[in-house]
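Only the coordinates and a few stated rules stand behind these numbers; no lab work does. Computed from a predicted structure; not experimentally measured.
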Amino acid sequence: MTGELRRIDMTVNGRARAIDVLPHHTLLEVLRDDLGLTGTKECCLVGECGACTVLVDDVSVDSCLMLGVEADGASITTVEGLAFGERLHPLQQAFLDTGAAQCGFCIPGQLVSAAALLAETPHPTRAEIEEGLAGNLCRCGGYEQIIEAVAAAAAAGDHPGRAASTGHAGVPAVGDRASTPDAELAPQ
């Protein structure tokens, strides 16, 4: 290990976390390696694929491009933080219902990007969905099912928008499931 550890404080999936990180580690490394949140995928490491997408203070970010120390004081939402206890986020359920997950590798980033889109645009057009997911690549080519899933979740109108990370609007703040990742709770 090179460099001195730096203490950062952040809220991850509704849970306050204080952690010592190496200053050169990315937010992706902090989430996966230090916190055990492996739903956020490591893929291109240059911000091209979107597999590592998370919300930082409700803004969609490629976590491979952000240093962990830059997250000091921030609120982070990962794919594990989208579900509400035992209840899937409406987007997660829509992805399951439409068969949007093929190999599943890109799905966490797709879900987080879609959640950010619906928080900004609750009833997007197809073009807005395509634009909102443009930073997320799918090697399996399952874009049609992914677009259908986002449209279905939007049509259902049962999405919490920004409430998922803040706990507002009657939606409970989500817990950190780092120690118990479960594919039934958060398809990864």
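The table below lists the values:
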| quantity | calculated |
| --- | --- |
| Sequence-distant residues sharing a close amide H with HIS89 (under 5 Å, placed H) | ALA83, PHE84 |
| Volume per residue of the C-alpha convex hull in the range 6-81, rounded to whole Å³ | 71 |
